[in-house]
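Computed from the coordinates by the stated procedures, all read-outs in this text should not be read as laboratory data. Remember, it's a predicted structure, so these values are computed and weren't measured experimentally. As a convention, Cβ positions derive from the backbone with ideal geometry for all residues, glycine included, and neighbour counts pool all protein chains shown.
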Amino acid sequence: MDRIVSARISDKIVKQINNLSQKMHTSKKAVIEKAIELLGRKFESEQGLDVFDQTCGAWNRKESAAVIVKQAKIAFRKSVHRYEQ
């Protein structure tokens, strides 16, 4: 889903976006999206950042799967019976 972003930018940048979109035969939206994508890649490579490396292992937990399942079941049962009198 696309979202609307509002920002004040200089006339020079607006002209650059318009010129690029005409030369590339694409929309201004596509030009901006590609520019942000390229800037992000450049930043990650310069900083030595890798999103995959940063998020890999996020699933690793100290608790065993059995403990996590038990906690989830307890929370579910509490929520089901929360409004019973």
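Expressed in nm to one decimal, what extension gain is obtained for the pair Ser79 and Glu37 from 0.36 nm per residue of sequence separation less their Cα-Cα distance?
10.9 nm
How far is it, in nm, from the label point at Lys70 to the one at Lys23 when both lie 7 Å from their Cα along the line to the Cβ?
Placing both labels 7 Å beyond Cα along the Cβ direction yields 6.5 nm.
Hey, can you rank 22-32, 36-46, 4-14 by average C-beta count inside 10 Å, highest first?
Ranking, from highest mean packing down: 22-32, 36-46, 4-14.
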